[in-house]
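The values are calculated or read from the model by the stated rules, or taken from the named source; none is laboratory data. This is a predicted model, so every value here is computed, not measured. Positions of Cβ are generated from backbone atoms using ideal geometry, with glycine treated the same way; all protein chains shown enter the neighbour counts. In case anyone asks, the SASA skips ligands and DNA or RNA and just uses the protein heavy atoms, side chains included. Shrake-Rupley method; radii C 1.70, N 1.55, O 1.52, S 1.80 Å.
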Amino acid sequence: MDFLKALGIADDNFGASTGQKWLESKDQGKLDVFSPADGKKIASVFRASAADYDAVMQSAAEAFKVWRMVPAPKRGEIVRQIGMRLREVKKPLGELVTYEMGKSLQEGWGEVQEMIDICDFALGQSRQLYGFTMHSERNRHRMYDQYHPLGVVGVVTAFNFPVAVWAWNAMIAAVCGDVVVWKPSSKTPLTAIAVQKAIRDVLRDNDLPEGIFNLVIGSGAAVGERMLQDTRVPLVSLTGSTAVGKHAAEVVARRLGRTILELGGNNAILITPDADLKITIPAVVFGSVGTAGQRCTTTRRLIIHESVYDKVKESLLKAYAGLRIGDPREEKNHMGPLVDKAAVDIFTAALEKIKSSGGRILCGGEVLEGAGYESGCYVTPVIAEVENSWEIVQEETFAPILYLIRYQGGVEKAIALHNDVPQGLSSAIFSNNLRETELFLSHEGSDCGIANVNIGTSGAEIGGAFGGEKETGGGRESGSDAWKAYMRRQTNTLNWSTALPLAQGIKFDI
(Lines give C-alpha, C1' and ligand atoms only; values in the text may rest on other atoms or scores of the structure.)
Protein backbone atom coordinates (compact mmCIF):
# COMPACT_ATOMS: atom_id res chain seq x y z
CA MET A 1 0.00 0.00 0.00
CA ASP A 2 1.31 3.42 -0.95
CA PHE A 3 0.75 4.98 2.48
CA LEU A 4 2.82 2.27 4.17
CA LYS A 5 5.68 2.87 1.77
CA ALA A 6 5.45 6.64 2.23
CA LEU A 7 5.74 6.21 6.00
CA GLY A 8 8.60 3.71 5.90
CA ILE A 9 6.58 0.78 7.26
CA ALA A 10 8.20 -2.49 6.21
CA ASP A 11 6.90 -6.04 6.46
CA ASP A 12 8.99 -6.45 9.62
CA ASN A 13 9.74 -3.50 11.91
CA PHE A 14 11.70 -3.03 15.11
CA GLY A 15 9.91 -1.93 18.26
CA ALA A 16 12.43 0.27 20.06
CA SER A 17 13.94 3.59 19.02
CA THR A 18 15.88 6.45 20.60
CA GLY A 19 14.80 8.95 17.97
CA GLN A 20 17.15 8.29 15.09
CA LYS A 21 18.49 4.86 16.01
CA TRP A 22 16.48 1.62 16.05
CA LEU A 23 17.39 -1.19 18.42
CA GLU A 24 17.28 -4.51 16.62
CA SER A 25 16.43 -7.12 19.24
CA LYS A 26 14.40 -10.07 18.00
CA ASP A 27 14.36 -12.34 21.05
CA GLN A 28 10.90 -11.25 22.26
CA GLY A 29 9.17 -12.46 19.12
CA LYS A 30 6.95 -10.72 16.61
CA LEU A 31 3.71 -8.86 17.05
CA ASP A 32 1.56 -9.35 13.95
CA VAL A 33 -0.76 -6.44 13.20
CA PHE A 34 -4.07 -7.00 11.37
CA SER A 35 -6.48 -4.38 10.07
CA PRO A 36 -10.02 -4.42 11.46
CA ALA A 37 -11.11 -2.89 8.15
CA ASP A 38 -10.51 -6.02 6.05
CA GLY A 39 -8.89 -8.53 8.40
CA LYS A 40 -5.64 -8.55 6.44
CA LYS A 41 -2.19 -8.56 7.98
CA ILE A 42 -0.55 -5.14 7.67
CA ALA A 43 2.94 -5.80 9.03
CA SER A 44 4.86 -7.21 12.00
CA VAL A 45 6.83 -5.63 14.83
CA PHE A 46 9.66 -7.18 16.83
CA ARG A 47 8.79 -6.55 20.45
CA ALA A 48 11.25 -4.60 22.56
CA SER A 49 13.10 -6.52 25.25
CA ALA A 50 13.90 -5.50 28.81
CA ALA A 51 17.43 -4.74 27.60
CA ASP A 52 16.01 -2.50 24.88
CA TYR A 53 13.96 -0.67 27.49
CA ASP A 54 17.02 -0.08 29.65
CA ALA A 55 19.03 1.15 26.65
CA VAL A 56 16.26 3.55 25.67
CA MET A 57 15.93 4.81 29.22
CA GLN A 58 19.66 5.39 29.52
CA SER A 59 19.60 7.33 26.27
CA ALA A 60 16.65 9.40 27.48
CA ALA A 61 18.34 10.21 30.80
CA GLU A 62 21.46 11.44 28.99
CA ALA A 63 19.45 13.44 26.47
CA PHE A 64 17.57 15.19 29.26
CA LYS A 65 20.81 16.71 30.55
CA VAL A 66 21.23 18.44 27.19
CA TRP A 67 17.61 19.17 26.30
CA ARG A 68 16.72 20.85 29.60
CA MET A 69 19.35 23.53 28.96
CA VAL A 70 18.09 24.41 25.49
CA PRO A 71 16.11 27.67 25.87
CA ALA A 72 12.39 26.98 25.88
CA PRO A 73 11.62 29.07 22.74
CA LYS A 74 14.27 27.08 20.86
CA ARG A 75 12.66 23.87 22.07
CA GLY A 76 9.45 25.35 20.68
CA GLU A 77 11.17 25.83 17.33
CA ILE A 78 11.91 22.09 17.18
CA VAL A 79 8.26 21.38 17.93
CA ARG A 80 7.27 23.81 15.16
CA GLN A 81 9.40 21.86 12.72
CA ILE A 82 7.79 18.62 13.87
CA GLY A 83 4.42 20.19 13.13
CA MET A 84 5.59 21.10 9.64
CA ARG A 85 6.79 17.55 9.08
CA LEU A 86 3.44 16.19 10.23
CA ARG A 87 1.75 18.41 7.67
CA GLU A 88 3.80 16.68 4.99
CA VAL A 89 2.70 13.20 6.09
CA LYS A 90 -0.87 14.05 7.11
CA LYS A 91 -2.47 12.15 4.25
CA PRO A 92 -0.58 8.83 4.54
CA LEU A 93 -0.44 8.93 8.35
CA GLY A 94 -4.19 9.54 8.55
CA GLU A 95 -4.73 6.63 6.18
CA LEU A 96 -2.61 4.38 8.40
CA VAL A 97 -4.55 5.47 11.51
CA THR A 98 -7.75 4.50 9.71
CA TYR A 99 -6.47 1.18 8.40
CA GLU A 100 -4.77 0.05 11.61
CA MET A 101 -7.37 1.30 14.12
CA GLY A 102 -10.61 1.34 12.12
CA LYS A 103 -11.88 4.90 12.54
CA SER A 104 -13.21 6.74 9.51
CA LEU A 105 -10.83 8.38 7.07
CA GLN A 106 -12.07 11.82 8.06
CA GLU A 107 -11.35 11.00 11.70
CA GLY A 108 -7.92 9.61 10.78
CA TRP A 109 -6.95 12.82 9.03
CA GLY A 110 -8.53 14.79 11.85
CA GLU A 111 -6.36 13.00 14.37
CA VAL A 112 -3.19 13.98 12.52
CA GLN A 113 -4.50 17.54 12.28
CA GLU A 114 -4.87 17.45 16.05
CA MET A 115 -1.17 16.59 16.28
CA ILE A 116 -0.37 19.56 14.06
CA ASP A 117 -2.57 21.84 16.15
CA ILE A 118 -0.91 20.83 19.41
CA CYS A 119 2.49 21.56 17.86
CA ASP A 120 1.28 25.08 17.09
CA PHE A 121 -0.12 25.40 20.61
CA ALA A 122 3.09 24.14 22.21
CA LEU A 123 5.17 26.53 20.14
CA GLY A 124 3.30 29.47 21.66
CA GLN A 125 3.44 27.86 25.10
CA SER A 126 7.24 27.71 24.88
CA ARG A 127 7.30 31.48 25.47
CA GLN A 128 4.80 31.35 28.33
CA LEU A 129 6.23 28.98 30.94
CA TYR A 130 5.51 31.64 33.48
CA GLY A 131 5.88 31.90 37.24
CA PHE A 132 4.61 34.54 39.67
CA THR A 133 6.24 37.18 41.87
CA MET A 134 4.97 37.59 45.45
CA HIS A 135 5.59 40.36 47.98
CA SER A 136 7.77 39.28 50.89
CA GLU A 137 6.96 40.17 54.48
CA ARG A 138 10.68 40.84 54.98
CA ASN A 139 12.36 44.08 54.04
CA ARG A 140 14.49 44.02 50.88
CA HIS A 141 13.51 40.47 49.95
CA ARG A 142 12.02 39.24 46.70
CA MET A 143 9.93 36.09 46.30
CA TYR A 144 8.87 34.32 43.14
CA ASP A 145 8.09 30.89 41.84
CA GLN A 146 9.39 29.27 38.67
CA TYR A 147 9.07 25.99 36.79
CA HIS A 148 11.92 23.67 35.84
CA PRO A 149 11.97 20.65 33.48
CA LEU A 150 10.91 17.49 35.25
CA GLY A 151 12.87 14.72 33.50
CA VAL A 152 11.86 11.60 31.61
CA VAL A 153 8.12 11.41 30.95
CA GLY A 154 6.58 8.02 30.23
CA VAL A 155 3.60 8.19 27.85
CA VAL A 156 1.32 5.16 27.59
CA THR A 157 -1.33 5.54 24.88
CA ALA A 158 -4.46 3.60 23.93
CA PHE A 159 -5.52 2.25 20.55
CA ASN A 160 -8.43 4.62 19.94
CA PHE A 161 -6.28 7.74 19.48
CA PRO A 162 -2.99 6.08 18.55
CA VAL A 163 -1.05 9.26 17.69
CA ALA A 164 -2.93 12.35 18.92
CA VAL A 165 -2.66 11.52 22.62
CA TRP A 166 1.10 11.03 22.26
CA ALA A 167 1.31 14.50 20.69
CA TRP A 168 -0.78 16.06 23.48
CA ASN A 169 1.80 14.83 25.95
CA ALA A 170 5.03 14.78 23.97
CA MET A 171 4.83 18.25 22.44
CA ILE A 172 3.94 19.96 25.72
CA ALA A 173 6.55 17.93 27.61
CA ALA A 174 9.17 18.80 24.98
CA VAL A 175 8.74 22.57 25.26
CA CYS A 176 8.85 22.14 29.04
CA GLY A 177 12.32 20.61 28.64
CA ASP A 178 11.39 16.99 29.25
CA VAL A 179 12.20 13.94 27.17
CA VAL A 180 9.60 11.29 26.36
CA VAL A 181 9.50 7.49 26.32
CA TRP A 182 6.40 6.31 24.46
CA LYS A 183 4.72 2.94 24.97
CA PRO A 184 1.87 2.69 22.45
CA SER A 185 -0.95 0.18 22.46
CA SER A 186 0.03 -3.21 21.09
CA LYS A 187 -3.12 -3.00 18.96
CA THR A 188 -1.80 0.03 17.04
CA PRO A 189 2.02 -0.05 17.03
CA LEU A 190 2.54 0.82 13.36
CA THR A 191 1.25 4.36 13.68
CA ALA A 192 3.76 4.93 16.49
CA ILE A 193 6.60 3.62 14.34
CA ALA A 194 5.46 5.88 11.49
CA VAL A 195 5.50 8.95 13.74
CA GLN A 196 8.95 8.10 15.05
CA LYS A 197 10.25 7.80 11.50
CA ALA A 198 8.49 10.97 10.38
CA ILE A 199 10.17 13.18 13.00
CA ARG A 200 13.60 11.55 12.69
CA ASP A 201 14.86 14.04 10.09
CA VAL A 202 13.88 17.00 12.26
CA LEU A 203 16.01 15.67 15.10
CA ARG A 204 18.92 14.88 12.78
CA ASP A 205 18.83 18.18 10.89
CA ASN A 206 18.97 20.11 14.17
CA ASP A 207 21.90 18.04 15.44
CA LEU A 208 19.95 16.91 18.50
CA PRO A 209 21.06 14.00 20.67
CA GLU A 210 19.45 10.60 20.68
CA GLY A 211 16.87 10.09 23.40
CA ILE A 212 14.56 13.12 23.24
CA PHE A 213 11.65 11.24 21.63
CA ASN A 214 11.82 7.51 22.33
CA LEU A 215 9.66 4.50 21.52
CA VAL A 216 9.29 1.08 23.15
CA ILE A 217 6.74 -1.44 21.86
CA GLY A 218 6.61 -4.48 24.07
CA SER A 219 4.79 -6.59 26.61
CA GLY A 220 3.60 -5.35 29.95
CA ALA A 221 6.25 -7.37 31.75
CA ALA A 222 9.19 -6.27 29.59
CA VAL A 223 8.17 -2.63 29.16
CA GLY A 224 4.99 -1.51 30.91
CA GLU A 225 5.68 -2.66 34.45
CA ARG A 226 9.30 -1.60 34.24
CA MET A 227 8.24 1.91 33.32
CA LEU A 228 5.75 2.12 36.18
CA GLN A 229 8.39 1.00 38.67
CA ASP A 230 11.27 3.01 37.20
CA THR A 231 12.43 5.80 39.51
CA ARG A 232 14.09 7.46 36.49
CA VAL A 233 10.57 8.27 35.24
CA PRO A 234 9.15 10.94 37.56
CA LEU A 235 5.91 11.22 35.57
CA VAL A 236 3.82 8.60 33.78
CA SER A 237 0.92 9.79 31.63
CA LEU A 238 -1.40 6.87 30.95
CA THR A 239 -4.54 6.60 28.84
CA GLY A 240 -6.53 3.40 29.28
CA SER A 241 -9.17 1.62 31.29
CA THR A 242 -9.96 2.46 34.90
CA ALA A 243 -8.64 -0.92 36.06
CA VAL A 244 -5.29 -0.37 34.32
CA GLY A 245 -5.14 3.19 35.64
CA LYS A 246 -5.74 2.12 39.24
CA HIS A 247 -2.91 -0.37 39.00
CA ALA A 248 -0.58 2.20 37.47
CA ALA A 249 -1.46 4.80 40.09
CA GLU A 250 -0.69 2.37 42.92
CA VAL A 251 2.66 1.28 41.49
CA VAL A 252 3.86 4.80 40.66
CA ALA A 253 2.61 6.25 43.95
CA ARG A 254 4.51 3.58 45.86
CA ARG A 255 7.72 5.20 44.63
CA LEU A 256 6.21 8.71 45.07
CA GLY A 257 6.13 9.35 41.33
CA ARG A 258 3.46 11.33 39.54
CA THR A 259 0.73 10.21 37.17
CA ILE A 260 -1.55 11.87 34.64
CA LEU A 261 -4.45 9.45 34.22
CA GLU A 262 -7.03 9.56 31.43
CA LEU A 263 -9.33 6.63 32.16
CA GLY A 264 -12.94 5.58 31.70
CA GLY A 265 -15.85 7.75 30.66
CA ASN A 266 -19.58 7.14 31.00
CA ASN A 267 -20.61 10.32 29.30
CA ALA A 268 -24.16 11.63 29.24
CA ILE A 269 -26.14 14.26 27.40
CA LEU A 270 -29.11 15.86 29.16
CA ILE A 271 -31.99 16.78 26.83
CA THR A 272 -34.51 19.15 28.41
CA PRO A 273 -37.87 20.39 27.08
CA ASP A 274 -36.08 23.54 25.89
CA ALA A 275 -33.55 21.68 23.70
CA ASP A 276 -33.21 22.55 20.03
CA LEU A 277 -33.56 19.08 18.54
CA LYS A 278 -32.26 20.21 15.15
CA ILE A 279 -28.75 20.40 16.62
CA THR A 280 -29.26 17.88 19.43
CA ILE A 281 -29.87 14.81 17.25
CA PRO A 282 -26.77 15.19 15.01
CA ALA A 283 -24.61 15.78 18.09
CA VAL A 284 -25.95 12.64 19.76
CA VAL A 285 -25.47 10.48 16.67
CA PHE A 286 -21.88 11.56 16.06
CA GLY A 287 -21.09 11.31 19.77
CA SER A 288 -22.45 7.78 20.02
CA VAL A 289 -21.26 6.16 16.76
CA GLY A 290 -18.14 8.19 15.92
CA THR A 291 -15.04 5.95 16.12
CA ALA A 292 -17.57 3.10 16.50
CA GLY A 293 -18.21 4.15 20.09
CA GLN A 294 -14.54 3.74 21.01
CA ARG A 295 -13.78 7.25 22.25
CA CYS A 296 -13.34 7.93 25.94
CA THR A 297 -15.72 10.86 25.30
CA THR A 298 -18.31 8.77 23.41
CA THR A 299 -21.91 9.59 24.32
CA ARG A 300 -23.13 6.56 26.25
CA ARG A 301 -26.20 7.84 28.12
CA LEU A 302 -29.05 10.13 27.05
CA ILE A 303 -31.05 11.54 29.95
CA ILE A 304 -34.24 12.81 28.32
CA HIS A 305 -37.19 14.69 29.77
CA GLU A 306 -40.41 12.73 29.49
CA SER A 307 -42.11 15.50 27.47
CA VAL A 308 -39.66 15.09 24.56
CA TYR A 309 -38.63 11.46 25.15
CA ASP A 310 -40.72 9.89 22.40
CA LYS A 311 -39.79 12.53 19.85
CA VAL A 312 -36.07 12.13 20.59
CA LYS A 313 -36.34 8.34 20.42
CA GLU A 314 -38.17 8.46 17.10
CA SER A 315 -35.62 10.88 15.62
CA LEU A 316 -32.69 8.76 16.75
CA LEU A 317 -34.15 5.55 15.36
CA LYS A 318 -34.65 7.28 12.03
CA ALA A 319 -31.08 8.61 12.03
CA TYR A 320 -29.60 5.24 12.98
CA ALA A 321 -31.54 3.55 10.19
CA GLY A 322 -29.70 5.74 7.69
CA LEU A 323 -26.19 5.08 8.99
CA ARG A 324 -23.76 3.53 6.51
CA ILE A 325 -21.46 0.95 8.10
CA GLY A 326 -18.47 -0.35 6.21
CA ASP A 327 -14.83 0.06 5.26
CA PRO A 328 -13.61 3.21 7.04
CA ARG A 329 -11.44 4.09 4.05
CA GLU A 330 -14.58 4.86 2.07
CA GLU A 331 -15.60 8.40 2.96
CA LYS A 332 -19.30 7.74 2.36
CA ASN A 333 -19.43 5.43 5.39
CA HIS A 334 -20.37 6.84 8.79
CA MET A 335 -19.01 4.03 10.98
CA GLY A 336 -16.22 1.52 10.61
CA PRO A 337 -15.33 -1.59 12.61
CA LEU A 338 -14.49 -2.20 16.23
CA VAL A 339 -10.76 -2.54 16.77
CA ASP A 340 -10.70 -6.36 16.97
CA LYS A 341 -12.78 -9.46 17.64
CA ALA A 342 -12.18 -9.18 21.38
CA ALA A 343 -13.98 -5.83 21.27
CA VAL A 344 -16.86 -7.51 19.41
CA ASP A 345 -17.11 -10.11 22.17
CA ILE A 346 -17.31 -7.36 24.80
CA PHE A 347 -20.05 -5.69 22.74
CA THR A 348 -22.17 -8.83 22.44
CA ALA A 349 -21.69 -9.71 26.12
CA ALA A 350 -22.93 -6.24 27.10
CA LEU A 351 -26.07 -6.74 25.01
CA GLU A 352 -26.85 -9.96 26.84
CA LYS A 353 -26.41 -8.19 30.16
CA ILE A 354 -28.73 -5.37 29.06
CA LYS A 355 -31.41 -7.91 28.18
CA SER A 356 -30.98 -9.90 31.39
CA SER A 357 -31.26 -6.69 33.41
CA GLY A 358 -34.61 -5.93 31.82
CA GLY A 359 -33.46 -3.53 29.14
CA ARG A 360 -35.06 -3.18 25.73
CA ILE A 361 -32.92 -3.15 22.58
CA LEU A 362 -34.58 -0.72 20.17
CA CYS A 363 -32.22 -1.24 17.25
CA GLY A 364 -28.86 -2.71 16.31
CA GLY A 365 -26.76 -5.39 17.92
CA GLU A 366 -25.91 -7.50 14.88
CA VAL A 367 -22.41 -8.68 14.05
CA LEU A 368 -22.17 -8.13 10.30
CA GLU A 369 -20.98 -10.89 7.98
CA GLY A 370 -20.42 -11.37 4.28
CA ALA A 371 -18.73 -9.28 1.60
CA GLY A 372 -17.07 -6.21 3.01
CA TYR A 373 -17.24 -7.49 6.59
CA GLU A 374 -14.63 -10.27 6.40
CA SER A 375 -12.71 -9.05 9.45
CA GLY A 376 -15.59 -9.98 11.73
CA CYS A 377 -15.26 -6.62 13.52
CA TYR A 378 -18.29 -4.79 12.12
CA VAL A 379 -21.43 -4.38 14.23
CA THR A 380 -24.61 -2.35 14.03
CA PRO A 381 -24.85 0.37 16.71
CA VAL A 382 -27.35 -0.12 19.49
CA ILE A 383 -29.99 2.05 21.12
CA ALA A 384 -31.41 0.58 24.32
CA GLU A 385 -33.91 1.69 26.95
CA VAL A 386 -32.50 1.14 30.44
CA GLU A 387 -32.41 2.35 34.03
CA ASN A 388 -29.41 4.41 35.13
CA SER A 389 -28.83 2.31 38.26
CA TRP A 390 -28.26 -0.99 36.45
CA GLU A 391 -24.78 -2.44 36.75
CA ILE A 392 -24.23 -2.59 32.99
CA VAL A 393 -25.20 1.09 32.65
CA GLN A 394 -22.83 2.04 35.46
CA GLU A 395 -19.96 0.46 33.54
CA GLU A 396 -18.20 1.81 30.46
CA THR A 397 -18.64 -0.52 27.49
CA PHE A 398 -16.19 0.61 24.81
CA ALA A 399 -18.62 0.06 21.93
CA PRO A 400 -21.47 1.83 20.10
CA ILE A 401 -24.21 1.33 22.68
CA LEU A 402 -26.44 4.29 23.51
CA TYR A 403 -28.66 4.15 26.59
CA LEU A 404 -31.93 6.10 26.77
CA ILE A 405 -32.98 7.14 30.27
CA ARG A 406 -36.20 9.03 31.01
CA TYR A 407 -36.47 11.72 33.68
CA GLN A 408 -39.38 13.67 35.16
CA GLY A 409 -39.50 17.04 36.86
CA GLY A 410 -36.85 19.73 36.78
CA VAL A 411 -33.34 19.59 35.40
CA GLU A 412 -32.06 18.91 38.93
CA LYS A 413 -33.43 15.37 38.54
CA ALA A 414 -31.47 14.91 35.32
CA ILE A 415 -28.26 16.23 36.88
CA ALA A 416 -28.63 13.79 39.78
CA LEU A 417 -28.95 10.89 37.35
CA HIS A 418 -26.05 12.21 35.31
CA ASN A 419 -23.70 12.35 38.28
CA ASP A 420 -24.75 8.96 39.66
CA VAL A 421 -22.03 6.92 37.92
CA PRO A 422 -18.41 6.24 38.99
CA GLN A 423 -16.85 8.04 36.00
CA GLY A 424 -16.60 11.78 35.39
CA LEU A 425 -15.08 12.67 32.03
CA SER A 426 -17.35 14.50 29.57
CA SER A 427 -20.90 15.79 29.79
CA ALA A 428 -23.34 18.00 27.90
CA ILE A 429 -26.73 19.60 28.17
CA PHE A 430 -28.95 20.66 25.29
CA SER A 431 -31.23 23.49 26.37
CA ASN A 432 -31.99 27.09 25.46
CA ASN A 433 -33.03 27.78 29.05
CA LEU A 434 -30.33 29.95 30.64
CA ARG A 435 -31.14 28.85 34.17
CA GLU A 436 -30.89 25.18 33.24
CA THR A 437 -27.55 25.57 31.47
CA GLU A 438 -26.03 27.72 34.20
CA LEU A 439 -27.15 25.23 36.85
CA PHE A 440 -25.52 22.45 34.82
CA LEU A 441 -22.22 24.39 34.81
CA SER A 442 -22.43 25.40 38.49
CA HIS A 443 -21.08 23.80 41.66
CA GLU A 444 -24.36 21.85 41.83
CA GLY A 445 -24.13 20.72 38.23
CA SER A 446 -22.05 18.27 36.22
CA ASP A 447 -19.25 16.61 38.18
CA CYS A 448 -17.21 15.94 35.04
CA GLY A 449 -13.94 17.47 33.94
CA ILE A 450 -15.64 18.58 30.71
CA ALA A 451 -19.11 20.14 30.65
CA ASN A 452 -20.64 21.46 27.43
CA VAL A 453 -23.75 23.39 26.49
CA ASN A 454 -25.45 22.72 23.15
CA ILE A 455 -22.54 20.70 21.80
CA GLY A 456 -21.89 16.99 22.28
CA THR A 457 -19.57 15.12 24.61
CA SER A 458 -16.88 14.27 22.05
CA GLY A 459 -14.55 16.36 19.91
CA ALA A 460 -12.73 18.43 22.55
CA GLU A 461 -10.50 21.23 21.28
CA ILE A 462 -6.81 21.18 22.18
CA GLY A 463 -6.90 24.68 23.71
CA GLY A 464 -8.67 23.47 26.85
CA ALA A 465 -7.30 21.12 29.48
CA PHE A 466 -8.58 17.61 28.76
CA GLY A 467 -9.42 15.16 31.53
CA GLY A 468 -11.96 14.07 34.11
CA GLU A 469 -12.79 13.36 37.73
CA LYS A 470 -13.65 10.33 39.88
CA GLU A 471 -12.71 7.07 38.14
CA THR A 472 -11.58 9.00 35.09
CA GLY A 473 -8.41 9.64 37.06
CA GLY A 474 -8.19 13.39 37.60
CA GLY A 475 -5.46 14.01 35.01
CA ARG A 476 -5.29 16.94 32.59
CA GLU A 477 -3.54 17.03 29.21
CA SER A 478 -3.24 19.36 26.24
CA GLY A 479 -4.26 23.01 26.70
CA SER A 480 -4.90 25.65 29.34
CA ASP A 481 -2.27 25.29 32.12
CA ALA A 482 -1.89 21.50 31.75
CA TRP A 483 1.81 22.19 30.99
CA LYS A 484 2.48 22.63 34.70
CA ALA A 485 2.10 18.88 35.29
CA TYR A 486 5.22 18.28 33.18
CA MET A 487 7.42 20.57 35.27
CA ARG A 488 8.66 20.84 38.84
CA ARG A 489 7.71 23.95 40.74
CA GLN A 490 10.22 25.91 42.79
CA THR A 491 9.70 28.83 45.18
CA ASN A 492 12.64 31.25 45.40
CA THR A 493 13.43 33.93 47.97
CA LEU A 494 16.25 36.45 47.45
CA ASN A 495 17.61 38.58 50.25
CA TRP A 496 19.23 41.74 48.87
CA SER A 497 19.58 43.44 52.26
CA THR A 498 22.51 43.50 54.70
CA ALA A 499 20.45 41.86 57.45
CA LEU A 500 19.01 38.39 58.01
CA PRO A 501 15.40 38.83 59.18
CA LEU A 502 13.44 35.61 59.71
CA ALA A 503 9.88 34.98 58.59
CA GLN A 504 7.05 35.29 61.08
CA GLY A 505 9.20 37.75 63.09
CA ILE A 506 11.17 34.96 64.75
CA LYS A 507 14.22 36.16 66.74
CA PHE A 508 17.36 34.03 66.72
CA ASP A 509 20.34 36.01 67.95
CA ILE A 510 23.83 34.54 68.18
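This table checks each residue for (1) among the charged types (D, E, K, R); (2) more than 19 Å from the chain's Cα centre (by Cα).
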residue	(1), (2)
Val97	no, no
Glu100	yes, no
Lys103	yes, no
Ala122	no, no
Leu129	no, yes
Glu137	yes, yes
Gly151	no, yes
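Identify all residues within the range 281-308 that are more than 20 Å from Gly264 (Cβ to Cβ) and surrounded by fewer than 24 Cβ atoms within 10 Å (Cβ to Cβ); write none if there are none.
Correct list: Ile281, Pro282, Ala283, Val285, Phe286, His305, Glu306, Ser307, Val308.
Rundown of residues vs (1) buried (at least 16 other Cβ atoms within 10 Å of the Cβ); (2) closer than 16 Å to Tyr320 by Cβ; (3) in contact (Cβ under 8 Å) with a residue 40 or more places away in the chain, yes/no style:
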{"residue": "Phe347", "(1), (2), (3)": "yes, yes, yes"}
{"residue": "Ile361", "(1), (2), (3)": "no, yes, no"}
{"residue": "Gly365", "(1), (2), (3)": "yes, yes, no"}
{"residue": "Thr397", "(1), (2), (3)": "yes, no, yes"}
{"residue": "Leu404", "(1), (2), (3)": "yes, yes, yes"}
{"residue": "Tyr407", "(1), (2), (3)": "yes, no, yes"}
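With (1) closer than 17 Å to Ala292 by Cα; (2) open to solvent by 60 Å² or more (accessible area, probe 1.4 Å) as the list, and Thr380 as the residue in question, which single condition is left unmet?
Going through the list (1) closer than 17 Å to Ala292 by Cα; (2) open to solvent by 60 Å² or more (accessible area, probe 1.4 Å), Thr380 breaks only (2).
Could you tell me whether any residue of the range 148-165 is assigned to a strand (DSSP E or B) and more than 30 Å from Gly264 (Cβ to Cβ)? So that I can check it myself, show each step before the final result.
Step one: of the range 148-165, the residues assigned to a strand (DSSP E or B) are 148-149, 152-156.
Checking the rest, the ones that are also more than 30 Å from Gly264 (Cβ to Cβ) come to 148-149.
The answer is yes; a qualifying residue exists.
With the requirement that a residue be closer than 30 Å to Thr231 by Cα and in contact with a Cys (Cβ under 9 Å, 6 or more places away or on another chain), what does the range 266-309 give you?
In the first step, residues of the range 266-309 are kept if they are closer than 30 Å to Thr231 by Cα; the result is 296.
Of everything in the range 266-309, nothing turns out to be closer than 30 Å to Thr231 by Cα and in contact with a Cys (Cβ under 9 Å, 6 or more places away or on another chain).
Go through (1) in contact (Cβ under 8 Å) with a residue 40 or more places away in the chain; (2) surrounded by fewer than 19 Cβ atoms within 10 Å (Cβ to Cβ) for Arg255 and report which single condition fails.
(1)
Can you tell me which residues in the range 166-204 are open to solvent by 10 Å² or more (accessible area, probe 1.4 Å), assigned to a helix (DSSP H, G or I) and closer than 19 Å to Ile42 by Cα?
From the range 166-204, those open to solvent by 10 Å² or more (accessible area, probe 1.4 Å) are 168, 183, 185-187, 197, 200-202, 204; that's our starting set.
Next, from what is left, pick out any that are assigned to a helix (DSSP H, G or I): 168, 197, 200-202, 204.
Across the range 166-204, the qualifying residue is only Lys197.
Residues Asp27, Asp38: which one is open to solvent by 50 Å² or more (accessible area, probe 1.4 Å) and more than 22 Å from Asn169 (Cβ to Cβ)?
On the way: Asp38 fails: open to solvent by 50 Å² or more (accessible area, probe 1.4 Å).
Going through Asp27, Asp38 in turn, just one is open to solvent by 50 Å² or more (accessible area, probe 1.4 Å) and more than 22 Å from Asn169 (Cβ to Cβ): Asp27.
Here's a check for you: in the range 489-504, which residue that is closer than 29 Å to Leu150 by Cα and either in contact with a Pro (Cβ under 6 Å, 6 or more places away or on another chain) or of a type in the set (Val, Ile, Thr) (or both) is least open to solvent (accessible area, probe 1.4 Å)?
Applying the filter and picking the extreme gives Thr493.
Give just the number: which of (1) among the basic types (Lys, Arg); (2) loosely packed, with under 11 Cβ neighbours inside 10 Å; (3) in a strand (DSSP E or B) does Lys507 not satisfy?
(3)
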